[in-house]
Amino acid sequence: MDTIYALASARGKAGVAVFRLSGPAARGAAEALVGVLPAPRQAGLRRIVWDGEVIDEGLVLVFPEGESFTGESVVELQVHGSVAVIAALSRALAAQTGLRMAEPGEFTRRALLNGRMDLAQVEGLADLIDAETEAQRRQAERVLQGAVAARVAGWRQLLVRAAALVEATIDFVDEDVPVDVAPEVGDLLERLSAELRAEIAGSRVAERVRDGFEVAIIGAPNAGKSTLLNALAGREVALTSEIAGTTRDVIEVRMDLEGLPVTLLDTAGLRDSDDRLEAMGMRRALERAQRADLRLFLLRDPGEALPLAAQPGDLVVLGRADERVVPGIPGVSGLTGQGLDDLMRAIGAELSRRALTVGVMVRARHAQAMEQALAALARAGARLPKLRVETEFVAADLWVAIRALDMLVGKVDVENLLDEIFSSFCIGK
């Protein structure tokens, strides 16, 4: 492979900037800049010189082939993070024969190709870089540490055992097989199917933790939805007025709620209206509310009917609580802040409860692979009663399931995914 280099830290002025080199010419390129390199994995202070001019003085780290992030020979240069130093060192690296600028995600891609990471770990690293909340960080770290591969290895072991039992009947087709393998194979398939169904359900929650939960504020015009959104956001993000129908479109506010990523949706007030624009806003409000993970119904009056059916976990509160208090109905006021803390705790508690069911698999791709495996197991299970005459079909279904699980960690059929995944990485990673 070529030897690549890139600025691995963020661009702009900073205390420290980190340049990373990876490939067979990494050591030689670094020696041309700093002279004698320090011992592997030991930081050494060196003067960085090019064309007889001192660029800077910084730390140098060397990682031998097979012991680095990429699996190749890697050198890191940690210099002062001024714009001028970064530019000068970039020119010095670009001037060296055999070096080229890395493409987005190329360091991580080399780690994958060299067996230092599997595909799920690559995805976990991408999620860790993008993590904004504590829940996202924990989830990404779990995937990065190999939780997906460990789960797949356990499932694969069960499937290989089942396939071996089935294929034993193929090997002895002309002989009497002393043991009927169908009961044990059936037990293995039932156990694995139950685990897959549970993980698929958990993956939907994990995907929400990764992408963010949506909470839609629903109610009639002038219920105080926009005022409440502004209060929850801590800034004025939505226009408020006494004129009914002020909000026409869905307004979104992203926030961190008890470590979970949450997007609050302020929707158009729901009522009968001949105004075409307002009607479009209300239709969009209902669509987003139905797709949201949680709905917060904000009532103007205690006896007011809900505009759509509440789902388990949805919250119903009385707006404008600064004007009146109704026993038995939680109240909230975006104007005075009354009830805001209780409301935030209630939303956080409900979403945290759902997050407890989070699975190891975190992406739609993972769920699709598990569903493919589950479908193959269902076909195999349906054929088990006729195992004697459909042995080859049962074995084929089991290997289809194994292949689907192997896709989770990138062992098969993932080349078309790589460009899409690595395009989200920065150049220095």
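Laboratory data are not the source of any read-out in this text; all were calculated from the coordinates shown. This structure is a prediction, so every number in the text was calculated from the model and none was measured. Every residue, glycine among them, receives a Cβ derived from its backbone with ideal geometry; neighbour counts consider all protein chains shown.
Side notes on the structure shown:
- Taking other C-beta atoms within 10 Å as the exposure proxy, His366, His80 rank His80, His366 from fewest upward.
- Highest-first arrangement of 252-258, 317-323, 214-220, where packing means the average Cβ count within 10 Å: 214-220, 317-323, 252-258
- A simple packing score, the average count of other Cβ atoms within 10 Å per residue, orders the peptides 394-402, 305-313 as 394-402, 305-313, with the highest score first.
- Projected label distance in nm at Asp342 and Arg197, using a 7 Å step from Cα toward the beta-carbon: 4.0 nm
- Matching label, log10 I(q)/I(0) by the Debye sum over Cα atoms at q = 0.09, 0.10, 0.11, 0.12 Å⁻¹ computed from the structure shown, candidates (1) -0.62, -0.75, -0.90, -1.04; (2) -0.70, -0.83, -0.95, -1.07; (3) -0.82, -0.91, -0.97, -1.01: (3)
- Computed from the C-beta positions of Ala309 and Arg284, the FRET efficiency with R₀ = 25 Å rounds to 0.85.
- A crude spin-label estimate for the pair Asp211 and Ala10, with each label 7 Å from Cα along the Cβ direction, gives 2.6 nm.
- Computed [θ] at 222 nm, helices only, for the chain once each DSSP H run of length n ≥ 4 contributes -39500 (n - 2.57): -14500 deg cm²/dmol
- Counting only Cα atoms, the size of the range 3-115 along its three principal axes is 38, 28, 26 Å, in decreasing order.
- Ordered by the number of other Cβ atoms lying within 10 Å of each residue's own Cβ, fewest first, Ser333, Ser226 fall into the sequence Ser333, Ser226.
- Within the chain, helices built from complete DSSP H runs that reach 18 Å or longer along their own axis (Cα positions) and carry a mean Kyte-Doolittle hydropathy of -1.0 or higher are 147-171, 182-211, 340-355, 364-383, 391-406.
- Taking the chain and dividing mean pair separation by its residue count, relative contact order in percent (alpha carbons under 8 Å, at least six apart): 18 percent
- Taking other Cβ atoms within 10 Å as a rough exposure proxy, Lys386, Lys411, Lys225 sort from fewest to most as Lys386, Lys411, Lys225.
- If a spin label sat at a point 7 angstrom from the Cα of Val325 along the line to its beta carbon, the backbone N atoms of the range 336-362 nearer than 16 Å would be those of 336-343.
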